[in-house]
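The values are calculated or read from the model by the stated rules, or taken from the named source; none is laboratory data. What you see is a predicted model, and the numbers here were worked out from it, not measured in a lab. Glycine gets a Cβ as well: all are built from the backbone with ideal geometry, and neighbour counts include every protein chain shown.
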Amino acid sequence: VSAASELNIAALKDEFPLLQREVHGRPIVYLDSGATSQKPQSVLDAMDRYYAEINANVHRGAYHIAERSTTAMEGARAALAHFLGAPSAEEVVFTKNATEAINLVAHSWGRTNLAEGDAVLLTMLEHHANIVPWQQLAAERGVEVRWIPVDADGRLDLSDLDALLDGVRLLAITAASNVTGALPPVRRLADAAHSVGASVLVDASQWTPHQPTDVSNWD
């Protein structure tokens, strides 16, 4: 018996208000969580409490509400660090979404560390959010974008990995494909990239909701 079959799926579904609605007289079946996930009532309640009770700029005011808001945000940062296996809460940076996060890396780290002739290695499984920022750097700075191909089964073909890594400064890969659900061997790829002195970016957007995440194990 799988772990999923032991879950009370009906009870879990009841936690999501939007999934209680009907469209054209039929219950909603939502299959687009790879793009945007629905929010459970606990998340909606937490957001309502924030705006009703402690909405203030963090790290800027010494008054009661601002201090509570700062404490709540830093508590969330610490909880996320623990959840993700980060060594320190100071390593957690909040962004609007993965698209903004990857663009932030590309426009800060990328513009500082990548020059003409350097290479960035991606896979054919990537979301556009982990493709377009590197293509923009390629157009602006002459950075080369390389690709790890997929085989007929939709899995990464790593037969030429050593050649593809030659001269690479950054490996930017998904931990789980948002289209096929394929799970690249992140640890193996990270080790190979580090062996040639490359940095590693992992898009774990689709991985984290489904698998235990330990970013320290990927480093």
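Observations
- Only one of the numbered conditions (1) at pLDDT 95 or above; (2) exposed (fewer than 10 other Cβ atoms within 10 Å of the Cβ); (3) under 25 Å from the mean Cα position of the chain (by Cα) is violated by TYR51, and that is (3).
- Of all the residues in the stretch 39-53, those that are under 25 Å from LEU12 (Cβ atoms) and in a helix (DSSP H, G or I) number 10.
- The stretch 191-217, residues that are without any contact (Cβ under 8 Å) to a residue 60 or more places away in the chain and over 16 Å from the mean Cα position of the chain (by Cα): ASP191, ALA192, HIS194, SER195, VAL196, GLY197
Residues are listed down the side, and each one gets a yes or a no for (1) touching a Leu at 6+ places or on another chain (Cβ under 6 Å); (2) under 25 Å from GLY117 (Cα atoms); (3) aromatic (Phe, Trp, Tyr); (4) crowded, with 19+ Cβ neighbours inside 10 Å:
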residue: VAL143; (1), (2), (3), (4): yes, yes, no, yes
residue: PRO149; (1), (2), (3), (4): no, yes, no, no
residue: LEU158; (1), (2), (3), (4): no, yes, no, no
residue: ALA163; (1), (2), (3), (4): no, yes, no, no
residue: ALA172; (1), (2), (3), (4): yes, yes, no, yes
residue: ALA176; (1), (2), (3), (4): yes, no, no, yes
residue: GLY197; (1), (2), (3), (4): no, yes, no, no
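- Among helices (runs of 4 or more DSSP H) entirely within the stretch 113-219, having at least 1 residues that are within 29 Å of ALA89 (Cβ to Cβ) and of a type outside the set (Phe, Trp, Tyr) singles out 132-141, 186-195, 215-218.
- Checking the stated criteria, GLU100 turns out not to satisfy the condition of being under 25 Å from SER216 (Cα atoms), surrounded by 13 or more Cβ atoms within 10 Å (Cβ to Cβ) and either within 24 Å of the chain's Cα centre (by Cα) or not assigned by TED's automatic domain parsing to the domain that holds ALA175 (or both).
- Residue among ALA72, ALA56, ALA66, ALA11 that is among the aliphatic types (A, V, I, L, M), out of contact with any Cys (no Cβ under 7 Å at 6 or more places or on another chain) and assigned to a loop (DSSP other than H, G, I, E, B): ALA56
- Taking the stretch 54-93 as the range and being surrounded by 11 or more Cβ atoms within 10 Å (Cβ to Cβ) and of a type in the set (Lys, Arg) as the test, the residues that pass are ARG68, ARG77.
- Pair list, Cβ < 9 Å and 6+ apart or interchain, from the stretch 4-27 residues that are assigned by TED's automatic domain parsing to the domain that holds ALA46 and charged (D, E, K, R) to residues that are assigned to a loop (DSSP other than H, G, I, E, B) and modelled with pLDDT of 95 or more: GLU15/PRO40
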